[in-house]
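**Q** Take a look at this one; I'll ask things after.
The values are calculated or read from the model by the stated rules, or taken from the named source; none is laboratory data. Values in this document were obtained by computation on a predicted structure and should not be read as measured data. Note that each Cβ is placed from the backbone with ideal geometry, even for glycine, and that neighbours are counted across all protein chains shown.
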Amino acid sequence: MKIDAHQFAVALAPGALLALLGLGLGAIFAATLAPDERAVLGEMIAPRVPLLVLGWAVLAIALGALARRAHAIWVTEPARLAEAAQATAAGGAPHRSAPPAEAACGAGARALAGVVDELARQRDGLRADIDARVQEAARGIEQERSRLAALMSELTQSVVVCNLDGRILLYNNRARLQSRALSSVPALADGAELIGLGRSIYALFDRELIAHALESVQRRLLRGAPQPSAQFVTSSQAGQLLRVQLAPVRDPSAVPGDAAQLSGFVLMLQNITREFEEDAEQDRLLHGLTEGSRSSLGSLQAAVDMLELPDLDAPTRERFLRVVHDEVRAMTARLQSLAASASQGLKTRWPLEDMLGADLVQAALRLIEARSGARASAPEVDAGLWLRVDSYALLQALASLATRLVDEFAVKRVQLRLRRAGERAHLDLVWAGTAISTETVTSWESSPMTVGDRASPLSVRDVVERHGGEFWFQRERALQTTFFRFLLPLAPPQEQLEAAAVLRSESRPEYYDFDLFQPGIQARELDERRLVDLAYTVFDTETTGLDPSQGDEIIQIGAARIVNGKLLRQESFEQLIDPGRSIPAAGIPIHGITPAMVAGQPGIAEILPIFHAFANDTVLVAHNAAFDMRFLQLKEASTGVRFDQPVLDTLLLSAVANPHQASHELEAIAERFGIAVLGRHTALGDAILTAEVFLRLIPLLADKGVHTLGQAREAAQRTWYARLKY
């Protein structure tokens, strides 16, 4: 049992004061006596010192006990009562009366406990009345929400809504299912490491790809387009091919007329991997058929040549020659037509977007200057020209070529030109002075593109073929300039409308939190961030024993996430783990995990990287976190997985928020907050219980002046429990 320093000091104080008082009075009395009187007094007292000390000890103990009793009645119990009242105020559950024990408190404290209990009951009654009124008023709204949620869940297309920081604030059930297909370990993580409220969409997509699409949409908004969107095709980390359409979410608080003020974006995802693979297989078969037919035609042509030998009679030779030549021409025409159709289908299969050419040029100028360091300008641009392009890939091609000109030929200035050329458009990258060889151009065209420190699997030739265009370089001797030219397809001119329609999403799926639209939170340092603003992964482990340094292993990990002050029960992580050793029989009744349950389960080396991805970009929370973190830290060397994010411990935080409580065990804290204890001693059950406790502790910590992560960590380390080691 931990010794209460305050009560220990209170118990010793009366004896110390009595001793000081006795010594002081004795010294004063002795000072009034003559020397011979003091000698006589000393002779009288000397044999009676043990009796005086015994009397002092008995009196000191009695006074100390009385003082300790008074301290408990008038100091400790009122403080505990105040903390219990705070817990009642912070808890969402109805208040359950727990007055101080009769023997441990005075009449005033008992009366105060009764008043607090009565106020809590009145509050619960008012809360119930308000809840009933709110539920009645919101019943119609809830019905509409349910209908819209049902519609969203039935959509065959995956929908994800993000704020401008790329944090996911809404996704439908289709997106959740698709994240499983995109996961590299779908059987274990179920896609939970990729998609979830508050998670970053950049776990799925390249940040620059999204930034480019947003920039394209914003330019169209500024021109007054009513419902602009951008689309692109990309691959996931698991190798799946995705077609993505991005649309903006307008900021409702923007100044009227500011059409480009965005608060987020909507992504509509379609997995086209199977479709693309099937088409690729058809292309392969078609290509083989075409090449094989051409070979047959060569053999047939050789036979025709043989028929022209002079030993054949003239009518026969003439008849065979006419038939063979006719068939050759017909087959050649058919095969050429089929090959052209297949080639065109392959080119158009990759989705291209209609884009104003001037917008593409402006984006290219900014990208070239940012990545290559060269000064870029565009003196010749047809302002009314619309192109059908994969703008992201085309911009990467222009920036890659400009970067190579700067790095290998020290070109300082480039220009872009865009003009119509019949049914196509010419997009030129122009520079002056330095000429390059045809071999160099061929090498640049066929090698993978590199822009800064980023490499692309595509080459310039791939980009050109994607557009069904052409690419060459040319010198203008009169102007002493050289240019690369892209031949690009045109798009029909689009009508420019005034911005009148705002893109809205009226669907309300199961997984959403629109409060995450608030931007800028991620820019601040973690220790300076408020506890209410952070995202948390609350976790717990079940183990074979209590001594990780002596070979005990993790047999289950459970975790839940807290985002924007809400516990996301539907976004949880729970996994049994084969410990590679026996499970002691004494622990099975506690955690309920038998050897048969972990047999065939993955090992810790396979699970920790998945759990690390699930907890990425969050603060870890656990009860008695030193125990759980020790198990994780001992696996760093063997797995290569390091959990280096901040960690908060609800055991320590409870001691900060309620320093006068006798117990800070998880069940005791939950009881003070009125939280039902379900699934105790299962990893996920304990994690959810810890998360609910943590949410109740945050406002109590704020009352203690603990508002930020840094303040919480510092306060926790000052508690007595922080000295526990494993």
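**Q** From the list ILE669, ILE610, which residue is touching a Lys or Arg at 6+ places or on another chain (Cβ under 9 Å) and not in a loop (DSSP other than H, G, I, E, B)?
**A** Exactly one of ILE669, ILE610 is touching a Lys or Arg at 6+ places or on another chain (Cβ under 9 Å) and not in a loop (DSSP other than H, G, I, E, B), namely ILE669.
**Q** Within the stretch 643-658, which residues are in a loop (DSSP other than H, G, I, E, B) and touching a residue at least 12 places away in the same chain (Cβ under 8 Å)? Step through it out loud before you land on a result.
**A** At the first step, the residues of the stretch 643-658 found to be in a loop (DSSP other than H, G, I, E, B) are 643-646, 658.
Once the filter is applied, which keeps residues that are in a loop (DSSP other than H, G, I, E, B) and touching a residue at least 12 places away in the same chain (Cβ under 8 Å), the stretch 643-658 yields PHE643, GLN645, PRO646, ASN658.
**Q** On the given criteria, is PRO659 surrounded by fewer than 20 Cβ atoms within 10 Å (Cβ to Cβ) and either in the same structural domain as THR537 (by TED's automatic domain parsing) or aliphatic (A, V, I, L, M) (or both)?
**A** Considered against the rule, which asks whether it is surrounded by fewer than 20 Cβ atoms within 10 Å (Cβ to Cβ) and either in the same structural domain as THR537 (by TED's automatic domain parsing) or aliphatic (A, V, I, L, M) (or both), PRO659 comes out as yes.
**Q** Another question about this same structure. If you go through the stretch 499-521 one residue at a time, do you hit one that is at pLDDT 85 or above and in a strand (DSSP E or B)?
**A** Kept after step one, since they are at pLDDT 85 or above, are these residues of the stretch 499-521: none.
Scanning the stretch 499-521, I find no residue that is at pLDDT 85 or above and in a strand (DSSP E or B), so the answer is no.
**Q** If we scan the stretch 381-394, do we find a residue that is outside the structural domain of ALA225 (by TED's automatic domain parsing), over 24 Å from GLN218 (Cβ atoms) and among the acidic types (Asp, Glu)?
**A** no
**Q** Filter the stretch 366-385 down to the residues that are modelled with pLDDT of 90 or more and surrounded by 20 or more Cβ atoms within 10 Å (Cβ to Cβ) and list them by number.
**A** ILE368, ALA376, LEU385, listed by residue number.
**Q** Looking at the stretch 700-708, can you tell me whether even one residue there is over 19 Å from ARG529 (Cβ atoms) and outside any helix (DSSP H, G or I)?
**A** No: zero hits.
Yes or no, residue by residue, for (1) acidic (Asp, Glu); (2) outside any strand (DSSP E or B):
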position	(1), (2)
TRP431	no, no
VAL441	no, yes
ASP462	yes, yes
PHE473	no, no
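**Q** Ok, one more. Please tell me if ARG569 is under 15 Å from the mean Cα position of the chain (by Cα) and assigned to a strand (DSSP E or B). Even if it seems obvious, please write down each step before you answer.
**A** Values: under 15 Å from the mean Cα position of the chain (by Cα): no; assigned to a strand (DSSP E or B): yes.
So ARG569 fails the test.
**Q** Given the stretch 21-139, what helices (runs of 4 or more DSSP H) lie entirely inside it while holding 3 or more residues that are of a type in the set (D, E, K, R) and either at pLDDT below 70 or not assigned by TED's automatic domain parsing to the domain that holds VAL693 (or both)? It would help to see each step written out before you state the result.
**A** Working: elements: 35-45, 49-71, 77-90.
It comes to 35-45, 77-90.
**Q** Considering only residues that are closer than 11 Å to GLY196 by Cβ and not hydrophobic (A, V, I, L, M, F, W, C), look in the stretch 156-177 and name the one that is surrounded by the fewest Cβ atoms within 10 Å (Cβ to Cβ). Before you say what the answer is, go through the steps one by one.
**A** Just the residues of the stretch 156-177 that are closer than 11 Å to GLY196 by Cβ, to begin with: 160, 167-169, 171, 175-176.
Still in the list and also not hydrophobic (A, V, I, L, M, F, W, C): 167, 171, 176.
Values: ARG167: 25, TYR171: 27, ARG176: 23.
Step by step, filter the stretch 156-177, then rank; the result is ARG176.
**Q** Which of the following residues is closer than 29 Å to ILE588 by Cα, in the same structural domain as GLN556 (by TED's automatic domain parsing) and modelled with pLDDT of 90 or more: LEU701, LEU678, LEU632, LEU709?
**A** Numbers: LEU701 fails: closer than 29 Å to ILE588 by Cα; LEU678 fails: modelled with pLDDT of 90 or more; LEU709 fails: closer than 29 Å to ILE588 by Cα.
So the residue among LEU701, LEU678, LEU632, LEU709 that is closer than 29 Å to ILE588 by Cα, in the same structural domain as GLN556 (by TED's automatic domain parsing) and modelled with pLDDT of 90 or more is LEU632.
**Q** If you check ASP258 against the conditions, is it modelled with pLDDT under 70 and either surrounded by fewer than 16 Cβ atoms within 10 Å (Cβ to Cβ) or closer than 30 Å to GLN575 by Cα (or both)?
**A** Answer is yes for this residue.
**Q** Considering every residue within the stretch 615-629, establish whether at least one is of a type in the set (Gly, Ala, Ser) and surrounded by fewer than 17 Cβ atoms within 10 Å (Cβ to Cβ). Walk me through how you get there before you give the answer.
**A** Step one: list which residues in the stretch 615-629 are of a type in the set (Gly, Ala, Ser), which gives 615, 622, 625-626.
From what's left, surrounded by fewer than 17 Cβ atoms within 10 Å (Cβ to Cβ): none.
No, there is no match, as no residue in the stretch 615-629 is of a type in the set (Gly, Ala, Ser) and surrounded by fewer than 17 Cβ atoms within 10 Å (Cβ to Cβ).
**Q** Okay, next question. Looking at the structure I just gave you, is VAL641 farther than 24 Å from ALA79 by Cβ and modelled with pLDDT under 90? Talk me through it step by step, then tell me what you get.
**A** Numbers: farther than 24 Å from ALA79 by Cβ: yes; modelled with pLDDT under 90: no.
No; evaluated as a whole, the condition is false for this residue.
**Q** Something else now. In the stretch 443-458, what residues are within 27 Å of VAL381 (Cβ to Cβ) and either over 32 Å from the mean Cα position of the chain (by Cα) or in a helix (DSSP H, G or I) (or both)?
**A** Hits for the stretch 443-458 are TRP444, GLU445.
**Q** Taking the conditions exactly as written (modelled with pLDDT under 90, buried (at least 22 other Cβ atoms within 10 Å of the Cβ) and farther than 17 Å from GLN645 by Cβ), does PRO589 satisfy them or not?
**A** Working: modelled with pLDDT under 90: yes; buried (at least 22 other Cβ atoms within 10 Å of the Cβ): no; farther than 17 Å from GLN645 by Cβ: yes.
No, not satisfied.
**Q** Inspect the stretch 583-597 for any residue being touching a Ser or Thr at 6+ places or on another chain (Cβ under 8 Å), more than 24 Å from GLU692 (Cα to Cα) and part of a loop (DSSP other than H, G, I, E, B) and give the result as yes or no.
**A** yes
**Q** Next question. So which residues in the stretch 684-701 are more than 16 Å from LEU652 (Cβ to Cβ), touching a helix residue (DSSP H, G or I) at 6+ places or on another chain (Cβ under 8 Å) and hydrophobic (A, V, I, L, M, F, W, C)?
**A** If the condition is that a residue be more than 16 Å from LEU652 (Cβ to Cβ), touching a helix residue (DSSP H, G or I) at 6+ places or on another chain (Cβ under 8 Å) and hydrophobic (A, V, I, L, M, F, W, C), then LEU689 is the only one that fits.
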